[in-house]
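The values are calculated or read from the model by the stated rules, or taken from the named source; none is laboratory data. Just so we're clear, the structure is a prediction, and the values are computed from it rather than from any experiment. Cβ coordinates were reconstructed from backbone atoms using ideal geometry, including for glycine residues, and neighbour counts include every protein chain displayed. Just the protein is used for accessible areas: all its heavy atoms, side chains included, with ligands, DNA and RNA removed. Shrake-Rupley method; radii C 1.70, N 1.55, O 1.52, S 1.80 Å.
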Amino acid sequence: MTGSRADLFRTAAGRFPTGVTVLTTLADGEPFGMTANAFMSLSLDPLLVAVGLGTRSRAHGYVRGSGRFAVTVLSDRQTGTARRFADPARPVGADAFAADDWKRGPATGCPVLLDGVGYFDCTVHSVHAAGDHALVVGRVDDFGPLAGVRPLVFVDSAFAAADPTLPSTGPLGART
């Protein structure tokens, strides 16, 4: 194996499939969004989620400044959305959201992308230093399912869809 330790770590970590989300917030009243795959549910009591943000990223500063964010879990039909919000040269403000249907989250006013499979509308609960990232924990003020389609997955530096033989909707805990 060749490459730097960081490159090898990125390759090994990339073998773990993750969901793909767009984290949104408000910066001086304007919507801001970025693609994030370091997202997880954290607690049921209280309802908490967590997302990893680079400490040098615009998102980190905007979320810390506003104290609120929303996360939309993307569907397997939203690879274009994931790529757009990952592009550092994307437009800013409302122009960044022009290609997507969205509404303001009911609790925070942060954008929720309506073609996703679910959303979490959050107030910052705590922020924890984690190397060159921060783990931002959000108190979930509102949440819900969106479209009844499959989630978008990211593994080995590529987008993928969930196994099509698995059910895409159904009661929580349902087995087929």
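A few notes on this one:
- Phe143 meets each of the listed conditions (1) out of contact with any Cys (no Cβ under 8 Å at 6 or more places or on another chain); (2) at pLDDT 95 or above; (3) open to solvent by less than 40 Å² (accessible area, probe 1.4 Å) apart from (3).
- For the range 74-90, the set of residues classified as in a loop (DSSP other than H, G, I, E, B), in contact (Cβ under 8 Å) with a residue 40 or more places away in the chain and open to solvent by less than 60 Å² (accessible area, probe 1.4 Å) consists of Leu74, Asp76, Gln78, listed by residue number.
- The range 21-36: number of residues that are within 18 Å of His133 (Cα to Cα) and open to solvent by less than 20 Å² (accessible area, probe 1.4 Å): 7
- Residue check for Ser4: more than 15 Å from the chain's Cα centre (by Cα) and either polar (S, T, N, Q) or at pLDDT 95 or above (or both): yes
- Pairs, first buried (at least 16 other Cβ atoms within 10 Å of the Cβ) in the range 37-49, second aromatic (Phe, Trp, Tyr) and modelled with pLDDT of 95 or more, C-beta under 9 Å, six or more apart: Phe39/Phe120; Leu47/Phe120; Leu47/Phe143; Val49/Phe39; Val49/Phe120; Val49/Phe143
- Looking only at the range 1-56, residues that are out of contact with any Pro (no Cβ under 8 Å at 6 or more places or on another chain) and outside any strand (DSSP E or B) come to 25 in all.
- Listed by first and then second residue, the pairs with beta-carbon distance under 8 Å, at least 6 apart or on different chains, first residue in the range 91-110 and farther than 12 Å from Cys122 by Cβ and open to solvent by less than 80 Å² (accessible area, probe 1.4 Å), second among the charged types (D, E, K, R) and in a loop (DSSP other than H, G, I, E, B), are Ala96/Arg90; Asp100/Asp115.
- Neighbours by Cβ (under 8 Å, 6+ apart or cross-chain): first from the range 1-28, more than 30 Å from Gly93 (Cβ to Cβ); second surrounded by 16 or more Cβ atoms within 10 Å (Cβ to Cβ): Pro17/Val153; Pro17/Phe154
- Condition broken by Ala59, with the remaining ones in (1) within 14 Å of the chain's Cα centre (by Cα); (2) part of a strand (DSSP E or B); (3) under 16 Å from Val136 (Cα atoms) satisfied: (2)
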